[in-house]
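In what follows, a structure is listed as structure tokens, so that the remarks can point back to it.
Bear in mind that the values in this text are calculations on the coordinates, not laboratory data. This structure is a prediction, so every number in the text was calculated from the model and none was measured. Cβ sites come from the backbone with ideal geometry, for glycine too, and all protein chains shown count toward neighbours.
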Amino acid sequence: MSFPVRQIRNGDFRAAAKLITAIERGDPSAVPILKALAPYTGRAQVIGITGPVGAGKSSLINELTTGYRHLRRRVGILAVDPTSPVTGGAILGDRIRMRDHLTDPGVFIRSLAARGAPGGLPVLVLAEALHVLDALGMDVIFIETIGIGQDQTAVASIARTTAVVVNPTLGDEVQLLKAGFMEIADIFVVNKADLPGADRMALQLAELSDAVNPAPVFKTSALKHEGLDELIKGLNDIGKKTRR
Amino acid sequence: MTRQTKQSPRPLHRPRVLVAKIGLDGHDRGVKLVAKALRDAGIEVIYMGLHNTPEEIVRSAVQEDVDAIGLSILSAAHRTLFKEVMRLLKKQRADDIAVFGGGVIPSEDIPGLKRLGVRAVFTPGTPLEAIVMFVKEGLKSKG
Ligand SMILES: Nc1nc2c(ncn2[C@@H]2O[C@H](COP(=O)(O)OP(=O)(O)OP(=O)(O)O)[C@@H](O)[C@H]2O)c(=O)[nH]1
Ligand SMILES: [Mg+2]
């Protein structure tokens with residue numbers, strides 16, 4: 001076993017982080033390491049979290065991570081933010097909402113820039129980074145997509161379960177249909193349920209999804225820490241059903 | 001589907017820098033401006049905002065595999081805070097990450113910080129371009 005492979009299998013965060021960087025750079029040295037790690041992957045529960053800008057995706061991941069840590073599951077998070085098309089730079093700000101877990105040795109958080117990937121989702125980088133976190137021993141892995149109104153449906157191709165997060169104020173359900181979210185959702189989350197209109201939104205979603213692609217609807221408030229146990233149970237139930 | 005990154009002959013090196021305010025004080029105007037200036041220079045910035053502890057910074061820096069950490073400090077405790085960051089980086093075997101700082105730091109304290117391993121200290125009034133230059137040049141020589 002090569003050195004980085006052994007380190008990652010031993011749960012070394014630094015080695016895992018370096019390998020993800022090599023993957024992002026397209027560095028050929030990553031290839032044999034990934035190959036050697038392959039036998040130790042395929043075990044993690046991979047959950048895609050998508051939805052419009054500011055819906056509370058990162059805040060929700062923070063809360064769900066708390067829940068999964070209580071269940072003694074180790075949690076990996078891959079959070080994608082947009083790259084500036086002009087300069088190629090990026091401000092990656094999802095971690096700031098995941099404050100509760102920054103020093104927990106059972107949680108690994110990595111921010112990734114979209115770097116011009118189609119739909120803002122660097123699918124191939126994510127797929128390989130998932131293997132790294134899986135081999136690192138993470139039991140649950142979240143992928144947070146960028147929130148802009150681009151086509152982010154590709155997340156469903158790499159996540160075992162895809163949760164679409166919306167807000168009560170989103171209003172126009174036609175927008176949801178247009179964005180292609182209805183088709184990919186395994187589960188809907190109406191977050192910010194502390195704001196008015198959550199019940200109405202949940203009902204609308206349930207009706208719409210019945211017509212297109214039946215999926216359960218949950219209400220949460222990341223702010224008030226509400227509805228999270230139910231959502232975790234829902235994610236686990238779905239996870240069982242959709243297991244490949 | 002082909003892997004996009006493989007199309008370029010040379011692996012793409014895009015510097016990653018963690019930018020944060022450390023300690024209990026304040027407002028985030030300064031760090032935000034630095035973060036934006038670095039982004040506009042083509043750098044990927046992991047932005048951590050206010051109220052971070054040395055441990056939060058170092059663990060985040062390791063997981064994000066950054067090339068540099070930029071810390072803004074407005075507290076009289078700058079020496080203690082920087083010292084703790086450098087100690088934790090060493091402990092994580094991550095002391096190859098360049099650390100630079102900014103804030104109201106008395107000039108007589110700067111040599112002491114440099115001795116701790118802090119690469120550069122930017123006091124108020126430093127043009128943002130100087131910080132951008134430091135990051136770009138400093139990281140280039142690092143390879
Ligand atoms: N009232 C209320 N506000 C919330 C809730 N969850 C998140 N927020 C707020 O919504 C804003 C956006 O939250 P984020 O978690 O950053 O949302 P996001 O979907 O990750 O945002 P992007 O990554 O930028 O697309 C923040 O100001 C949060 O404090 C909630 O349950 N209720
Ligand atoms: Mg976010």
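Mean per-residue shielding of peptide B:63-70 is 5, counting Cβ atoms of other chains within 10 Å of each Cβ. Take each residue of peptide B:28-39, count the partner chain Cβ atoms within 10 Å of its Cβ, and average: the result is 2.
With viscosity set to 1.002 mPa s and temperature to 20 °C, compute the Stokes-Einstein D of the stretch A:43-242, Rh being the Kirkwood radius across alpha carbon pairs; µm²/s, no decimals. In µm²/s, the coefficient is 128.
Computed 3J(HN,Hα) for the stretch B:62-71, one whole-Hz value per residue from the Karplus formula 6.51 cos²θ - 1.76 cosθ + 1.60 where θ = phi - 60°, is 5, 5, 7, 6, 7, 8, 8, 10, x, 10, glycine and proline marked x. When the charge dipole of chain A is built from unit charges on Cβ atoms (+1 for Lys and Arg, -1 for Asp and Glu) and taken about the Cα centre, the candidate among A:Pro85, A:Leu223, A:Ala36 whose Cα reaches farthest toward its positive end is A:Ala36. Measuring against 20 Å, Cα to Cα, the residue pairs B:Lys83/B:Lys136; B:Lys91/B:Lys136; A:Lys35/A:Lys240; B:Lys36/B:Lys136 contain B:Lys83/B:Lys136; B:Lys91/B:Lys136; A:Lys35/A:Lys240 as the ones spanning a longer distance. The label point for B:Arg93 and the one for A:Leu203, both projected 7 Å from the Cα toward the Cβ, are 5.9 nm apart. Taking H placed 1.01 Å from N in the peptide plane, check which residues at least 5 places from A:Gly51 or on another chain put their amide H under 5 Å from its amide H. Under 5 Å from the amide H of A:Gly51: A:Val165. Estimated from the Cβ-Cβ distance and a Förster radius of 22 angstrom, the FRET efficiency linking A:Leu71 and A:Glu226 is about 0.75.
Take each residue of peptide A:90-100, count the partner chain Cβ atoms within 10 Å of its Cβ, and average: the result is 6. Taking the longest Cα principal axis of chain A as reference, the axis of helix A:57-70 is set at about 70 degrees. Its residue count N fixes a reference of 2.2 N^0.38 Å for the stretch B:40-143, and the Cα radius of gyration divided by that reference is 1.01. Sequentially through the stretch A:78-83, phi angles give Karplus couplings (6.51, -1.76, 1.60; θ = phi - 60°) of 10, 10, 9, 10, x, 9 Hz, Gly and Pro residues having no value and appearing as x. The order of the peptides A:97-103, B:47-53 by mean Cβ neighbours within 10 Å, most packed first, is B:47-53, A:97-103.
With the convex hull constructed from alpha-carbon coordinates only, the stretch B:10-92 shows a mean projected area of 5.7 nm² over all directions. Each of A:Thr169 and B:Leu33 was given a label point 7 Å from its Cα along the Cα-to-Cβ line. The distance between the two points is 3.0 nm.
Determine, at each q value in 0.10, 0.13 (inverse angstroms), the log₁₀ of I(q)/I(0) that the Debye formula gives when each Cα of the protein assembly as shown is one equal point scatterer. Here log10 of I(q) over I(0) equals -0.65, -1.08.
Students often get this wrong: which residues of the stretch A:201-226 have the backbone nitrogen under 20 Å from the point 7 angstrom along Cα-to-C-beta of A:Glu183? Of the residues in the stretch A:201-226, A:205-216 have backbone N under 20 Å from the label point off A:Glu183. For trypsin sites (Lys or Arg not before Pro), the sites in the stretch A:179-225 that DSSP calls loop and that have at most 16 other Cβ atoms within 10 Å are A:Lys224.
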